[in-house]
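**Student:** Below you'll find the structure I mean.
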Amino acid sequence: METTINHFAVIACSVTNLALGALWYSPLLFYKTWKNENNFSDEQVKNINPAKVYGISFILSLLISYNMAFFLGDEKTDMTWGATAGFLTGFGFSALIFTIVALFEQRSWKYIFINGGYITLYFTLIGLILGAWR
């Protein structure tokens with residue numbers, strides 16, 4: 001079996017992580033609840049080092065995207081299978097293990113649903129992108 005990886009699609013998936021996160025955790029969607037569930041003040045949120053946080057996040061997203069690209073690298077992979085595999089990875093593995101960790105950390109269900117929803121949607125989107133952009 002030959003593995004085919006579209007490196008432009010992988011980069012697009014990494015950018016998608018930052019774009020989706022910017023929307024998901026924005027005041028339009030879940031910022032206020034996410035901030036409250038983490039007991040963060042606006043000051044704490046503003047005091048991050050953007051170059052460090054966004055730079056490391058992009059590199060980690062690139063690794064995640066390449067990992068998914070290897071799993072979806074079969075020539076038979078299409079948009080439908082990509083999105084399905086992404087959903088199964090995001091929800092079936094990532095969000096569920098995140099939930100287990102959060103339960104032991106005694107986090108709220110709001111916190112779990114906000115972050116687990118992001119994880120699930122992100123993996124579904126990158127699976128869709130990798131499946132469509134062959």
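Computed from the coordinates by the stated procedures, all read-outs in this text should not be read as laboratory data. Note that the structure is a prediction, hence the values are computed from the model and not measured. For neighbour counting, all protein chains shown are included, and Cβ atoms are generated from backbone atoms with ideal geometry for every residue, glycine included.
**Student:** Taking the condition of being touching a Lys or Arg at 6+ places or on another chain (Cβ under 7 Å) and aromatic (Phe, Trp, Tyr), how many residues in segment 1-17 meet it?
**Tutor:** Residues meeting the conditions: 0.
**Student:** Right, here's the next one. Identify, by number, the condition in (1) in a helix (DSSP H, G or I); (2) crowded, with 17+ Cβ neighbours inside 10 Å that Thr77 doesn't meet.
**Tutor:** The one condition Thr77 does not meet is (1).
**Student:** Touching a helix residue (DSSP H, G or I) at 6+ places or on another chain (Cβ under 7 Å), assigned to a helix (DSSP H, G or I) and of a type in the set (A, V, I, L, M, F, W, C): does that describe Ala9? Please lay out each step first, then the result.
**Tutor:** Numbers: touching a helix residue (DSSP H, G or I) at 6+ places or on another chain (Cβ under 7 Å): yes; assigned to a helix (DSSP H, G or I): yes; of a type in the set (A, V, I, L, M, F, W, C): yes.
Against the criterion (touching a helix residue (DSSP H, G or I) at 6+ places or on another chain (Cβ under 7 Å), assigned to a helix (DSSP H, G or I) and of a type in the set (A, V, I, L, M, F, W, C)), Ala9 qualifies.
**Student:** Residue check: is Ala102 without any contact (Cβ under 8 Å) to a residue 24 or more places away in the chain, touching a helix residue (DSSP H, G or I) at 6+ places or on another chain (Cβ under 6 Å) and farther than 27 Å from Phe8 by Cβ? Break it down into steps so the answer makes sense when it comes.
**Tutor:** Numbers: without any contact (Cβ under 8 Å) to a residue 24 or more places away in the chain: yes; touching a helix residue (DSSP H, G or I) at 6+ places or on another chain (Cβ under 6 Å): yes; farther than 27 Å from Phe8 by Cβ: yes.
Yes: the conditions hold for Ala102.
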